[in-house]
Amino acid sequence: MAIYALGKKIPRIHSDAYIHADATVIGDVTIGKHSTVWPSAVIRADYGTIVIGDETSVQDGTVIHATAGLLTQIGSRCVIGHLAHLEGCSIADDVLIGSGSIVLHRAVVESHSLVGANSVVTNDMIVPSYAMALGVPAKIAPNRVKEGTFTAIVANYVANGKQYRTDLRRID
C-alpha cells in the first residue's frame, strides 16, 4: 500500500478498512471501518483534512483532495464511483456519487441522494436529500431517490473488501 505521512500529518485508517496496494493515501486522512479504497484512487490531504466514514467505497481512479481552508468530508455507506473527483465538499451518509462526476468547493450533497455519472456539482451547490444531481453543471431533480436504494451496492463493496483482504494475491 502507498500510505504516506506528510510531516506530522499521518493517515488514520481503521484496521478493518481495505486499501488496495495500488491506491495512494497521503497526509491528514481518516478512513472508517469496512471502507474500501480501490486501485489508482488517490486520497491526498496535504493542505487540509479528509474524513471518510464507515462502509464507504472509493472506487478505481477516484481523486479526493482538500484545500487549506476546506475539509473534504464523506459520510458512511457512500459509493464514490470510478474516476470521480471530490474536493473541499461535504458528502452526507448514504450517497452515491456516479462515475466520472466532480463535486467542488463548499458543495453539500445531503443524505440519500445521487450525483449522476459525469455530472458536475459546482461550488456552493446543495443537493437536497433524496434528489438527483444530473448534468454539467448539475441540475436538481428532487425526490427521485428512495431510502435504501444503495444498500445492496454498499454491502457488495464491504464484502469485496473482506474477500480482497484474504484472497487477493499477485501472481507475477
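Numbers for the structure displayed
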{"read-out": "Sequence of Arg169, Arg12 once ranked by neighbouring C-beta atoms within 10 Å, starting from the fewest", "value": "Arg169, Arg12"}
{"read-out": "Antiparallel %, DSSP beta bridges [both residues in the range 1-101], to 5", "value": "5 percent"}
{"read-out": "Computed [θ] at 222 nm, helices only, for the chain once each DSSP H run of length n ≥ 4 contributes -39500 (n - 2.57)", "value": "-3500 deg cm²/dmol"}
{"read-out": "Residues of type aspartates and glutamates that Lys33 reaches as a straight line, Cα spacing below 18 Å, ignoring anything fewer than 8 places off in the same chain", "value": "Asp16, Asp54, Glu55, Asp93, Asp94"}
{"read-out": "Beta bridge orientation in the chain: antiparallel %, DSSP, nearest 5", "value": "10 percent"}
{"read-out": "Tilt relative to the chain, helix 151-167 - C-alpha long axis, 0 to 90 degrees, to 10", "value": "10 degrees"}
{"read-out": "Taking Ser119, Ser101, Ser111 and counting other C-beta atoms within 10 Å, the order from fewest to most", "value": "Ser111, Ser119, Ser101"}
{"read-out": "Taking the range 2-167 and dividing mean pair separation by its residue count, relative contact order in percent (alpha carbons under 8 Å, at least six apart)", "value": "14 percent"}
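Every number here is computed from the coordinates shown, using simple stated rules; none is lab data. Treat the numbers as computed from the prediction; the structure is a model and nothing was measured. Every residue, glycine among them, receives a Cβ derived from its backbone with ideal geometry; neighbour counts consider all protein chains shown.
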